[in-house]
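Worksheet: one structure, shown below.
The values are calculated or read from the model by the stated rules, or taken from the named source; none is laboratory data. Because the structure is a prediction, the values reported are computed rather than measured. With ideal geometry, Cβ positions are generated from the backbone for all residues, glycine too; neighbour counts draw on all protein chains shown.
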Amino acid sequence: DVLCWPDTAAGSVAVQPCPDYVNGFKPWENASRRCMDDGGWYFDTVHNRTWTDFRFCTTKQYNDALTRAEFIKSHMGTIKLMY
């Protein structure tokens, strides 16, 4: 994930601004992540990973796993520079 998330109460949704270091993201919008009743983050079984809702961060539509992977790959150079 491209964000660090704070401790969040079970059964609630964490919300924070979209990251401004991702090209094309709108930092005035918010991303969200659901903490399930068991205290773990929502897990997307289709993609076998936890899931963050970035739909308001961008105007682009990402409807399949391949497109998401290409989007992340296009930003890896920037992310690597951060670390």
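Can you name the residue in segment 1-14 that is surrounded by 12 or more Cβ atoms within 10 Å (Cβ to Cβ) and within 11 Å of the chain's Cα centre (by Cα) and, of all such residues, is farthest from A69 (Cα to Cα)?
Restricting to residues being surrounded by 12 or more Cβ atoms within 10 Å (Cβ to Cβ) and within 11 Å of the chain's Cα centre (by Cα), the top hit is W5.
Of all residues in segment 15-38, which are in a loop (DSSP other than H, G, I, E, B) and either surrounded by 11 or more Cβ atoms within 10 Å (Cβ to Cβ) or at pLDDT below 95 (or both)?
First, the residues of segment 15-38 that are in a loop (DSSP other than H, G, I, E, B): 18-29, 36-38.
Those that are in a loop (DSSP other than H, G, I, E, B) and either surrounded by 11 or more Cβ atoms within 10 Å (Cβ to Cβ) or at pLDDT below 95 (or both): C18, P19, D20, Y21, V22, N23, G24, F25, K26, P27, E29, M36.
Taking into account only those residues within segment 46-59 that are among the hydroxyl-bearing types (S, T, Y) and at pLDDT below 90, which is nearest to V22 (Cα to Cα)?
So in segment 46-59, the residues among the hydroxyl-bearing types (S, T, Y) come out as 50, 52, 58-59.
This time we only want the ones that are at pLDDT below 90, so: 58-59.
On the way: T58: 10, T59: 13 Å.
Only one residue fits best here, namely T58.
From the list Y83, Y62, which one is modelled with pLDDT under 80, exposed (fewer than 11 other Cβ atoms within 10 Å of the Cβ) and at negative phi? Give the derivation first.
Numbers: Y62 fails: exposed (fewer than 11 other Cβ atoms within 10 Å of the Cβ).
Answer to the check: Y83.
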